[in-house]
1. Can you list the helices (runs of 4 or more DSSP H) lying wholly within the stretch 185-291 that have 2 or more residues being closer than 26 Å to A164 by Cβ and at pLDDT below 95?
2. Give the residues of the stretch 337-387 that are more than 22 Å from A554 (Cβ to Cβ), surrounded by fewer than 18 Cβ atoms within 10 Å (Cβ to Cβ), of a type in the set (S, T, Y) and in contact (Cβ under 8 Å) with a residue 24 or more places away in the chain, sorted by residue number.
3. Among what's in the stretch 423-441 and is touching a Cys at 6+ places or on another chain (Cβ under 8 Å) and over 17 Å from N346 (Cβ atoms), pick the residue that is surrounded by the fewest Cβ atoms within 10 Å (Cβ to Cβ).
4. Considering only residues of the stretch 391-404 that are in a helix (DSSP H, G or I) and in contact with an Asp or Glu (Cβ under 9 Å, 6 or more places away or on another chain), which is most open to solvent (accessible area, probe 1.4 Å)?
5. How many residues, within the stretch 494-521, are among the hydroxyl-bearing types (S, T, Y), closer than 10 Å to A564 by Cα and outside any helix (DSSP H, G or I)?
6. Exactly one condition in (1) at pLDDT below 95; (2) among the β-branched types (V, I, T); (3) not in a loop (DSSP other than H, G, I, E, B) is not met by T553; state its number.
7. Please list, ordered by first then second residue, the pairs with beta carbon atoms under 8 Å, 6 or more apart or interchain, first in the stretch 446-461 and in a helix (DSSP H, G or I), second basic (K, R).
8. Mind listing just one residue for me: the one in the stretch 488-522 that is in contact with a strand residue (DSSP E or B) (Cβ under 9 Å, 6 or more places away or on another chain) and open to solvent by 40 Å² or more (accessible area, probe 1.4 Å) and, of those, nearest to G207 (Cα to Cα)?
Amino acid sequence: VAEFFLVSPAPELHSAPPLGVVRQRLLGDVWMEELVVVNHRDEHTAVAIDVEVSTDFADLFEVKDNEVRERHVVADCRDRELVLRYRNGEFVRETRISVSEDATIEEDALRLSLWLAPREERRVSFVITPHSHQHDRTLSPRRRGGSFSQLRRERLAELEAWVAEAPSLRTDDDTLRHAYERSLADLAALRFYPHTAIQDVSLPAAGLPWFMSLFGRDSIITSYQALPYRPDLAETTLRTLASQQGTQVDDFRDEEPGKVLHELRFGELTAIGERPHSPYYGTADATPLFLVLMDEYERWTGDAGLVSDLEPNARAALEWIDSYGDLDGDGYVEYETRNPETGLVNQCWKDSPNSILFRDGRSARGPIATCEIQGYVYDAKRRAARLAREAWSDEPFAERLEAEAEALRRRFLEDFWIGERACFALALDGDKRQVDSLTSNMGHLLWSGIVDDGGAGSIAAHLMGAPLYSGWAVRTMASSEGGYNPVEYHNGTVWPHDNSLIAAGLRRYGHHDEAARIAEAVIRAAGFFGHRLPEVFAGFDVELTHAPVAYPTASSPQAWAAGAPLLLLTTVLGLAPAPDGPRCDPRLPPSFGEVALSGLSVANPRS
């Protein structure tokens with residue numbers, strides 16, 4: 001919901017405007033615009049309102065690439081309604097714009113003539129409705145469910161009820177409290193219902209405006225962050241991703257049996273086969289992360305039914321890791337797209353084309369095995385072993401997974417360690433050379449638990465050192481590296497979700513003060529963004545800018561940025577599920593003061 005307050009131009013600088021206009025907007029199943037036109041005069045006034053209309057029906061991929069093609073749009077002028085239609089074979093899209101008053105309907109405008117009595121207030125409503133037909137499948141029509149004020153009340157009540165189901169937070173730190181409340185509200189706003197085999201359930205879309213769709217990695221990490229505040233997000237994420245798990249080898253979509261999807265789209269370029277996103281499977285980390293989330297969800301909720309239902313999917317994911325994920329049989333999960341035209345070059349969380357760089361700034365060539373993915377695989381196998389033993393009653397499988405995880409850990413500590421830099425390599429390239437740049441990916445190794453205590457100490461020192469730590473949080477790449485740029489998407493910026501995982505990893509290895517320092521800095525940064533953390537912000541030093549600098553095209557709200565304050569709070573409170581209820585071991589930064597979290601529940605089957 002948004003509101004804009006406008007006045008008509010006054011004839012003189014200090015004279016009162018004769019008209020006031022309040023433009024109210026509500027986005028739900030339909031898009032509603034309500035104009036409230038107020039006549040401030042003591043006499044009748046004629047008011048002309050022209051609403052100009054245009055659409056290009058551009059696919060989102062075209063918008064992102066700044067290459068929007070021309071389309072033939074047909075306008076159908078009806079009584080109080082304008083219908084704009086585009087067709088490409090079986091792909092059909094319509095935008096229908098209706099108005100509550102008599103109007104002149106033209107191809108590019110709706111024109112109204114109002115006659116307002118003295119001091120009269122008139123309301124004019126516009127309803128914009130999308131309509132889709134594709135491949136002999138017409139989606140259920142969207143309908144306006146009431147007046148603007150009624151829908152607004154319903155939407156606000158729905159939000160209040162959703163937030164009320166989460167634990168309530170009391171704290172001396174207003175910034176922390178506002179960030180927590182904003183995170184819950186943004187996660188509610190980002191819920192959507194993908195057109196998959198799982199109906200009538202919502203899960204978090206990745207973010208606005210670019211990523212309002214199902215993303216495997218993003219939805220998994222967001223759901224992990226939101227445990228234990230909103231465990232329902234994890235359940236729907238797991239079930240939805242399981243319903244879309246890969247079943248075949250498809251080079252165009254980078255699909256293999258057992259693989260968890262990267263992205264699901266329904267736009268024109270996907271429908272006509274120019275893009276592979278129906279769904280696209282070009283990610284190497286979503287599959288092990290799927291297993292991590294499944295185990296963590298069961299630990300918090302005790303939902304044995306979901307773990308039982310998804311056992312075949314979990315086994316298929318483990319099989320993908322060992323067979324298709326390991327491209328050359330060396331025991332590591334690598335990635336390399338089989339779709340060189342429209343597939344992703346990099347299929348880790350830093351998935352921009354230039355994100356995997358050597359220390360001197362050269363790009364690594366594939367197949368690429370990034371360090372954090374090996375950590376995810378290690379964690380996934382250990383967690384799957386617990387599920388095999390305790391939920392699936394398969395002790396031999398559990399023992400095999402534990403042995404495989406330990407073998408991976410030993411190899412990793414030897415092959416990825418860079419002695420001269422006392423750090424772990426960002427990746428191994430296609431020639432098994434260590435990609436030696438200093439990046440935040442090392443922090444994910446702490447989160448997964450794959451490193452030894454000595455390596456953890458070195459990682460912590462690097463993460464909190466000046467090259468990586470900006471003062472606002474840990475940068476994606478250290479300022480000492482050849483590819484560093486504080487406003488490069490993955491090579492010097494700060495990502496809140498990245499830092500939430502890093503802080504959780506630091507806490508895991510006993511670096512409590514460092515974890516609290518990151519949590520305090522990220523929450524403080526949120527205060528500069530209206531308490532809504534964006535997807536990413538610039539990596540300038542705090543001494544230089546004195547405020548975090550916005551990244552120009554960052555999504556906001558964005559799901560795993562919204563989830564970051566939740567995981568940071570979990571980390572500094574030391575929250576963990578236990579047989580007799582939630583365990584709490586707080587190591588709070590001083591600025592948070594006293595913190596009380598109430599309404600937290602754990603339904604553990606072993607309690």
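The values are calculated or read from the model by the stated rules, or taken from the named source; none is laboratory data. Worth saying up front: this structure is predicted, and the values here are computed from it rather than measured. Cβ placement follows ideal geometry from the backbone for every residue including glycine, while neighbour counts extend to all protein chains displayed. In case anyone asks, the SASA skips ligands and DNA or RNA and just uses the protein heavy atoms, side chains included. Shrake-Rupley method; radii C 1.70, N 1.55, O 1.52, S 1.80 Å.
1. Correct list: 232-243.
2. Across the stretch 337-387, the qualifying residue is only T342.
3. Ranking the qualifying residues of the stretch 423-441, first place goes to L438.
4. Going through the qualifying residues, I end up with E404.
5. Summing the residues that are among the hydroxyl-bearing types (S, T, Y), closer than 10 Å to A564 by Cα and outside any helix (DSSP H, G or I) in the stretch 494-521 gives 0.
6. (3)
7. L446/R508; W447/R508
8. Across the stretch 488-522, the extreme among qualifying residues is E488.
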